[in-house]
Amino acid sequence: MQQHKLGADLTVSAIGLGCMGFSQGYGATDDDESVAAIHTAIDAGITLFDTAMSYGQGHNERLLARALHDAGENIRVATKFGIVRTEAGVGLDAKPEHIPGFCDASLARLDRDVIDLYYLHRIDPEVPVAETVGAMAELVRAGKVRHLGISEATPEQLAEAAAVHPIAAVQFEWSMLWREPERDIIPAARELGIGLVPYSPLGRGLLTATLDSETVATSDFRRNDPRFQGDNLTSNLDQVAALRDLAARLNISAGRLALAWLLAQGNDVVPIPGSRRAARITENAAAAAVELTPAELEDLAKLVPDHGWAGDRQSFAVPSKTRTTS
């Protein structure tokens, strides 16, 4: 497995594992199967595991603790705070006075002494980013967190965060299906020396070329996404067919080609595809061994052009009015 660097000194596998699907978003789960899938990821050389306190309301962190109980010292765990799920609904809370408690609760669920990479999951519009990151920096000084990250930030917010404390990684949606980050957040992050962690790097499964107009409805994350609806879906499936045909000529799967394309964008890129299937995890990890030539990348740009994708992505804004108060 190739190694990529996030920020100044966080070295991890070039492909990570997004763990959300083990607890929510894509249908029923089985914890024993999930643990086995995580073990498959370790065997494939994956060292970065991405979770959040909000995934399954803590279930995901506890599951990861079980799966990583006997894992080696090279394993790195990233978790996130800021999205809160209560009986009243889903909201945001990045108040500085609440952050130590969020961290301690995650450490307990993860059964770890330190979090390798601690993200602000979403910006809380009621709290200046600098104040939130200032509280996160205190966790680093206390030895509870090694590196800081931020998710779904604007370039301006990223700069505000980095002015308070070094930021190792910014997480955002990026794939062949969604190229918008290339306009602003990626250049801004690179100017600040911040690593890039794309989530949904396989376009919520579309880029694996295993979905069709029938199967997209099996997940809320797809069913409610404009890119998976009507004429947009028809156009996007045409793009996927071209991707699949080129991948076949290269003797690899469409998913491996899509991930290899992301990895070709730089050694500061660490995609975190998620899957509950051990075979898919192995397939995704193998993308790190695919080195696309300049000619192959040029063919890909011509046959699957960035302007050929249709539809805006689903909004993942969370209302801030639903908050914790203690």
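The values are calculated or read from the model by the stated rules, or taken from the named source; none is laboratory data. Everything quoted here is computed from the prediction, not taken from an experiment. Backbone-built Cβ (ideal geometry, glycine too); neighbour counts: all protein chains shown.
Quick notes on this one:
- Filter result for the condition that a residue is of a type in the set (Asp, Glu) and touching a helix residue (DSSP H, G or I) at 6+ places or on another chain (Cβ under 6 Å), over 97, 87, 61: 61
- Residues of segment 180-201 that turn out to be more than 24 Å from residue 160 (Cα to Cα) and at pLDDT below 95, as a count: 1
- Filtered residues of segment 97-129 (kept if over 22 Å from the mean Cα position of the chain (by Cα), assigned to a helix (DSSP H, G or I) and crowded, with 16+ Cβ neighbours inside 10 Å): 98
- A single member of 281, 252 is more than 17 Å from residue 179 (Cβ to Cβ), in contact with a Leu (Cβ under 9 Å, 6 or more places away or on another chain) and crowded, with 18+ Cβ neighbours inside 10 Å, and it is 281.
- Residue check for residue 137: surrounded by fewer than 23 Cβ atoms within 10 Å (Cβ to Cβ) and among the aliphatic types (A, V, I, L, M): yes
- Residues satisfying the stated conditions in segment 1-38, i.e. touching an Asp or Glu at 6+ places or on another chain (Cβ under 7 Å), at pLDDT 95 or above and either outside any strand (DSSP E or B) or farther than 21 Å from residue 147 by Cβ (or both): 16
- Residues of segment 49-66 satisfying the condition of being more than 12 Å from residue 24 (Cβ to Cβ) and assigned to a loop (DSSP other than H, G, I, E, B): 53
- The set of residues from segment 90-114 being β-branched (Val, Ile, Thr) and over 19 Å from residue 162 (Cβ atoms) comprises 90, 114.
- Residue satisfying all of: in segment 49-91; closer than 21 Å to residue 285 by Cβ and among the acidic types (Asp, Glu); modelled with the highest pLDDT among these: 50
- Reported count of residues in segment 276-313, each being in contact with a Gly (Cβ under 7 Å, 6 or more places away or on another chain) and not basic (Lys, Arg), is 3.
- Within this structure, residue 263 fails the test of being more than 16 Å from residue 179 (Cβ to Cβ) and either surrounded by 21 or more Cβ atoms within 10 Å (Cβ to Cβ) or not β-branched (Val, Ile, Thr) (or both).
- Pairing residues of segment 36-51 that are closer than 19 Å to residue 116 by Cβ with residues that are part of a strand (DSSP E or B) and among the basic types (Lys, Arg), at Cβ distances under 6 Å and at least 6 apart in sequence or on separate chains, gives 47/76; 48/76.
- Residue 46 falls short on exactly one of the conditions (1) in a loop (DSSP other than H, G, I, E, B); (2) surrounded by 24 or more Cβ atoms within 10 Å (Cβ to Cβ); (3) modelled with pLDDT under 95, and that condition is (3).
- On inspection, residue 100 qualifies as out of contact with any strand residue (DSSP E or B) (no Cβ under 9 Å at 6 or more places or on another chain) and either of a type outside the set (Asp, Glu) or at pLDDT below 95 (or both).
- Hits in segment 237-270 (condition: closer than 18 Å to residue 45 by Cβ and touching a Phe, Trp or Tyr at 6+ places or on another chain (Cβ under 8 Å)): 262
- Summed over segment 191-204, the residues that are over 18 Å from the mean Cα position of the chain (by Cα) and in a helix (DSSP H, G or I) give a count of 1.
- Residue pairs whose Cβ atoms lie under 6 Å apart, separated by 6 or more positions or on different chains, with the first residue in segment 128-142 and within 14 Å of residue 98 (Cα to Cα) and the second of a type in the set (Val, Ile, Thr) and part of a helix (DSSP H, G or I), are 133/164; 134/164; 135/99.
- Residue check for residue 30: more than 22 Å from residue 162 (Cβ to Cβ) and either more than 18 Å from the chain's Cα centre (by Cα) or among the aromatic types (Phe, Trp, Tyr) (or both): yes
- Scanning segment 49-92 for residues that are buried (at least 23 other Cβ atoms within 10 Å of the Cβ) and among the acidic types (Asp, Glu) turns up 50, 61.
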